[in-house]
Amino acid sequence: MIHARDFVESARERGYDHYAGVPCSLLTPFINYVIGAGHLNYVSAANEGDAVAIAAGAWIGGRRGVAMMQNSGLGNAVSPLTSLTYAFRIPVLIVCTHRGAPGVADEPQHELMGRITGALFDTIDVPWTTFPREPAAIPWVLDAVERAAQSRRSYALVMEKDTCEPYPLPAVPARTQPVSDPIEGRGHVLGVAARPSRMAALEAIAAASDDEHTVIVATTGYTGRELYAIADRASHLYIVGSMGCASSLALGLALTRPDLRVIIADGDGAALMRMGNLATIGAYAPANLVHVVLDNEAHDSTGAQATVSGAIDLAGIAAACGYRRILRTDAVEELRFFLSSSERSGPCFAHMKIGTGTLDKLPRPTLAPPAVLDRLMTHIGTAT
């Protein structure tokens, strides 16, 4: 066995100081050490996929990220590992426990994943090895991680039972939710046919972010493509997959780069898919984050099938999650004013109702995803 400190401090020397994760009993000493270390940053993610996306956002912001998870939750991370970190060539270090390992007695729900964990990493093209059990093995394992990172590939370390010596959970202050300001805006008063277009809302977002210190992270589907049609800037990141992960990636970026203003152009389907990240954003409360959900109550880019957003109050949910300023509107003018008056007062949340539909012959970004990301990282000064 090793002490968690042995690995974590060796990894920190190589730049790995931003962690996001979901606990597992096998991870307990490791995650407890990270939580208690004042020189490390830890985000308690709502699910394993969000942990991967948060770590990816930290890498974009110039830090190296680690996503921690149990292998039973590895399935939650497959989407961002295949359509986010792979598509954009973002290296993330994954520490994944091996519950249900063959020959090791465990709970029945871990049996299948225990047998296929390594094969699943192989299938999604993530190289992996066993987490080191002896201090002498740590350097060569980290060398392998480094070689993968230099090739912009993620790498997984699979942690077996009894790898780390016990380490107690330190006493840390509980995160408390402040009382949010009253929700602003006139509300959703327009009928469906009268609601503004997504293009009109995105034009307001683009106009409010025409400066070198603002980044827009646009969710997958028509949102990123319409933003590209309006204005293609180095400060724009068009998420092309990993539906729902725009907000968690933006959270990782906002936490590592408080000098930037980070705006999320999200959709109702995407926000619903990863709704747990609203709670994470509210709890970690980056003042530089603005989350705009453009809600047409439909999966527009796949044929306008209905979502359930018409039956819920996303603005109220954001307020309950601890966002500091909330807007509920269907007026572009109110969105424009909200964006202009929400500088460094976040996290802020705007729930704007829009109509369905898009441009005829809507263009797609001509740059490949890694090139779009490289351009952004050059723009914010974190290109490697």
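The values are calculated or read from the model by the stated rules, or taken from the named source; none is laboratory data. Being a predicted model, the structure only gives us computed values, none of them experimental. As a convention, Cβ positions derive from the backbone with ideal geometry for all residues, glycine included, and neighbour counts pool all protein chains shown.
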Query raised in the report: Applying the selection to the stretch 197-230, what residues are surrounded by fewer than 23 Cβ atoms within 10 Å (Cβ to Cβ) and aromatic (Phe, Trp, Tyr)?
Result: TYR228
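One line per residue, one yes/no per condition, for (1) assigned to a loop (DSSP other than H, G, I, E, B); (2) closer than 21 Å to ALA315 by Cα; (3) at pLDDT 95 or above:
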{"residue": "THR223", "(1), (2), (3)": "no, yes, yes"}
{"residue": "ARG233", "(1), (2), (3)": "yes, no, yes"}
{"residue": "SER248", "(1), (2), (3)": "no, yes, yes"}
{"residue": "LEU253", "(1), (2), (3)": "no, no, yes"}
{"residue": "PRO258", "(1), (2), (3)": "yes, no, yes"}
{"residue": "VAL262", "(1), (2), (3)": "no, yes, yes"}
{"residue": "ALA270", "(1), (2), (3)": "no, yes, yes"}
{"residue": "ALA279", "(1), (2), (3)": "no, yes, yes"}
{"residue": "PRO286", "(1), (2), (3)": "yes, yes, yes"}
**Report entry** Residue count, the stretch 55-111 (criterion: in contact with a His (Cβ under 7 Å, 6 or more places away or on another chain) and over 24 Å from PRO132 (Cα atoms))
**Finding:** 1
**Report entry** Residue list for the stretch 174-215, filter: assigned to a loop (DSSP other than H, G, I, E, B), within 30 Å of ILE35 (Cα to Cα) and touching a residue at least 40 places away in the same chain (Cβ under 8 Å)
**Finding:** ARG175, GLN177, PRO178, SER180
Query raised in the report: Can you find even one residue in the stretch 336-358 that is crowded, with 21+ Cβ neighbours inside 10 Å, in contact (Cβ under 8 Å) with a residue 40 or more places away in the chain and of a type in the set (S, T, N, Q)?
Result: yes
Query raised in the report: Counting just the residues of the stretch 42-61 that are over 21 Å from LEU237 (Cβ atoms) and touching a residue at least 60 places away in the same chain (Cβ under 8 Å), which one comes out surrounded by the most Cβ atoms within 10 Å (Cβ to Cβ)?
Result: ALA46
Query - Any hit, the stretch 231-238, residues being surrounded by 23 or more Cβ atoms within 10 Å (Cβ to Cβ) and of a type in the set (Lys, Arg) - result: no
Query raised in the report: Cβ-Cβ below 7 Å, separation at least six or inter-chain, first residue in the stretch 368-384 and touching a residue at least 24 places away in the same chain (Cβ under 8 Å) and assigned to a helix (DSSP H, G or I), second surrounded by 13 or more Cβ atoms within 10 Å (Cβ to Cβ) and not hydrophobic (A, V, I, L, M, F, W, C): which pairs?
Result: PRO370/ARG89; VAL372/TYR238; VAL372/PRO365; LEU376/SER235; HIS379/SER235; ILE380/ARG257
**Report entry** Selection count where residues are closer than 17 Å to ASP300 by Cα, in a loop (DSSP other than H, G, I, E, B) and within 24 Å of the chain's Cα centre (by Cα), scope the stretch 330-366
**Finding:** 1
Report summary line: Residue pairs qualifying under the 6 Å Cβ cut-off, at least six apart or on distinct chains, with the first in the stretch 216-233 being closer than 11 Å to ASP300 by Cβ and the second being among the polar types (S, T, N, Q), are GLY221/SER301; TYR222/SER301; TYR222/THR358
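Could we say that VAL158 is surrounded by 18 or more Cβ atoms within 10 Å (Cβ to Cβ), touching a Cys at 6+ places or on another chain (Cβ under 8 Å) and touching a residue at least 12 places away in the same chain (Cβ under 8 Å) here?
For VAL158, the condition - surrounded by 18 or more Cβ atoms within 10 Å (Cβ to Cβ), touching a Cys at 6+ places or on another chain (Cβ under 8 Å) and touching a residue at least 12 places away in the same chain (Cβ under 8 Å) - is met.
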**Report entry** Qualifying residues in the stretch 288-307 (those that are in a strand (DSSP E or B) and free of Cβ contacts under 8 Å to residues at least 12 places away in the same chain) - the one surrounded by the most Cβ atoms within 10 Å (Cβ to Cβ)
**Finding:** ALA306
